[in-house]
Structures are given as structure tokens and as C-alpha cells.
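Working notes, beginning with the structure itself.
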Amino acid sequence: MSDTDVPWDDRRVRRARAATLAAQGVTVATALAMPAIGLLFEPRPGWIVAGATGTLLFAGALAVALYGAVTPWLGETARRRSLASLAAATVLSVPLVAPAGADEWETWSWIGGTAAGVAPLLLPRVPAALAVAGAAAATAGIGWWAGDPVLYLLLAASLAVTIAAMSGMPVWMWGLLADAQAGRAAQARLAAAEERLRFARDVHDLLGHDLSVIALKAELAERLAPVDAGAAAREAAEVRRLAASALDGVRGAVHGYRQVDVAAQAAAIERVLAASGVRCTVRGTAAGAPAEFAAVLREASTNVLRHSRARWCTIEFVRDGGGVRMRVANDGAGEAVPDRRSSGLRGLADRLAESGGTLRTWREDGVFTLEATMPETGREAGRETGSEAGASPETGAAG
């Protein structure tokens, strides 16, 4: 599953990411501010320019790398380039920044501490350990050259621990949230895949036996044709009848007219949504509801998982006036992108209309509602009403 399938535009996810980026901004500000103090003690203009250039290069590369760490949809190549740029900027900062104000201020120790502090956030365990060791060695070497390696190492170590503590927790929490979003998207894909497999099994069950009999009958008709034309004709007629029966069965499966336990479907959807962090409540009695509601339930639940930011969802069944009404509502209404593998709400409306039912949707105060109604007589009512029973679900919205 690619990261483009994950709903990163969820409002709560955007807020968490913004908070994480703000925490990383403190790290970048530290990388800029503390070495800049050392430049104030540098009397030589050339070293001031060099030190400022090295500090800005390091801070810019650090900002890009930290941004990539909380941007899951960023390509792996871009991430590697950002890390390579940060490594190059860190190495380049040694000759540019270390001499600036070294007599009065441990200028480069702040860069070394920052690099050591962010390494565990950006790199796997072994590369991170090597990066920390390299930063420590460079800090010790520069401190020895400046005449106080112990102070350099103490400053760098304390800064590294502070940055790791301040930035590590937000990044770790963001990672958990990102994994949860990816898991939710994967669960939606799994639900869709299971539905396709179920449909494939149904079609196999419908056609497997009929096609085998048709093949045998056709072979028999072929053998009888030269010796008994009448018997061959009867077998051919039987083949035609079996083919028509198989076609009716497939059409019934495609249009959702096979008998489906809507109550079991609602219970399964309740469990799937609960496992995805959506509080789902089923109200009323689903037992005996029209089988056409099963397809509507599947479409609605898939939309809740894939297209919305729902925290709760209700599925309600009501019987009144000789009809059955099912209403599915959730609080995560948003603009939907039609599913390539689904005929969508308009296709469902057409199916219900053929059986005398209706389907309508609306969004109010952030709550998306889908309501399907069917007469108790089901298909018989559909035959009586014909094309007059229509539906017009709103486009561009899914619950």
C-alpha cells in the first residue's frame, strides 16, 4: 500500500503534524541561535561570514531533514537526499564555523550537539550510533584544538540529550499516529479485498456447476447430431436453458439480489469500524431487512473508512408505513474521491430504484447521512413502480 492511499488530510492528523513540526522548529532555532552568539565574539569579518554561512547551511539542511521525518508521503529518494545534505552541511560546518569566536565561545559544540541529538530521530539504529560517535569525535577534536575539549564535549552532550528529549517524544508520537493511519487505510483496503473475494466465490459457485453441465450437454449434442438430430436438438435446447439460468444467476449476484443476511452484515461492519477506531452503534432490528440494504451498508462503511474522518457512526433500521428505512450517519463528512472499483452511491441508487426503493444523502453540521428506503414487498414493488421510483444521491460527498 502506498502512502498516497493513507488519509493524511485528516484534521486531527494535520494538527498532530503541525505540533510535531513546531517542536522541530525549536531544534532548528537552537542550531541557529547558539552558534550565532559565537560570531559576536569574532573580530575577523571573513570568519564571521564563513561562520554565518556554515550555520545557515546546517540549519537549512536540518530543517529539510526534520520536515522529511514527519512527511510520510515524501519519496524515499527525497529523504535520502535530505539526509545526505545534512551530513554534508555538518561536515562543511567544521572548517566554516569552528574557528569563529573559538577563543571566547564553544561555537561548533552547539552544532555537534544538535547533530548528535537529531541522529536517532532521522536514522536507523546503527547509522545513528555511527553519526553520534562521529559528532562526538569531531567535537572532541575541535575542543582539543580550541584548548578545552572537556567543556566542548559537556556542552555538546547536554545539548544532544536535551534535543533528543524535546524532539524525540513528538516524533515518536507522530510515528505511532502515522502507523495507525496507515493501518486504518490498510484495513479499508482489506475490507474491499474481502468483499471482492466474497463476490468472486459467489460467482464461482453460481457458474461452476452450470458451466460444467453446459459443457457436457454441448458435447453430447455434438455426438448425437450425426445419428439423431432430434435428440441433438433437445440437448441443444437444454444447453440454451442452462445458459439462460446461469446468466440470470450472475445478474442476480451483480445487482445484489441474492439473499443476504443484513443483520450479520451490520454486525460485521460494526466490528470493522470499531477496530478502526470508529465508535459504531446499530439501532433497530436489521433481521429481515431487504437484501438490497447489504450493498448500501458495504458502500457506506467503505466510505467511512476510506473517505472520512469519522469518530462515530450510527446504523439505524426503522419500519413504518409498510416500508423499511435504513439510515447511516457519521461525523466525518468530507469531499470524496470515487472508488475505481465501486459503482458508488449513484449505482446503488439505480439498484434500489429497480426494486422500488430510494436512496438519498445529505450533509448537515459536519454529519453525513445516507438514507435508503425499500417497500416491504421489495422486488414486486419495483416491478409495479418501474422506472418511476428514482433516487438522486448528492455527488461529491461520502460518509
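Within the stretch 222-239, the set of residues being of a type outside the set (A, V, I, L, M) and surrounded by 12 or more Cβ atoms within 10 Å (Cβ to Cβ) comprises Glu222, Arg223, Asp228, Arg234, Glu235, Glu238.
Pairs meeting the criteria (first residue in the stretch 203-222 and part of a helix (DSSP H, G or I), second residue polar (S, T, N, Q) and at pLDDT 75 or above, beta carbons under 7 Å, at least 6 apart or on different chains) are Asp210/Ser245. Of all residues in the stretch 279-295, at least one satisfies being at pLDDT 80 or above, among the acidic types (Asp, Glu) and surrounded by 22 or more Cβ atoms within 10 Å (Cβ to Cβ). Of all residues in the stretch 156-185, those that are touching a residue at least 60 places away in the same chain (Cβ under 8 Å) and of a type in the set (S, T, N, Q) have Cβ atoms under 8 Å from Cβ atoms of residues that are assigned to a helix (DSSP H, G or I) and surrounded by 20 or more Cβ atoms within 10 Å (Cβ to Cβ), 6 or more apart or on another chain, in Ser167/Gln24; Ser167/Thr27; Ser167/Leu66; Ser167/Gly117; Ser167/Val118; Ser167/Leu121.
Of everything in the stretch 369-399 that is touching a strand residue (DSSP E or B) at 6+ places or on another chain (Cβ under 6 Å) and in a strand (DSSP E or B), the residue that is modelled with the lowest pLDDT is Ala397. Looking only at residues in the stretch 133-152 that are surrounded by fewer than 21 Cβ atoms within 10 Å (Cβ to Cβ) and under 23 Å from Gln24 (Cα atoms), the one that is farthest from the chain's Cα centre (by Cα) is Ala136.
Note on the stretch 25-127: enclosed helices (runs of 4 or more DSSP H) holding 1 or more residues that are more than 18 Å from Thr139 (Cβ to Cβ) and without any contact (Cβ under 8 Å) to a residue 24 or more places away in the chain are 45-69, 76-97.
The values are calculated or read from the model by the stated rules, or taken from the named source; none is laboratory data. Keep in mind it's a predicted model, so treat the numbers as computed, not measured. Cβ coordinates were reconstructed from backbone atoms using ideal geometry, including for glycine residues, and neighbour counts include every protein chain displayed.
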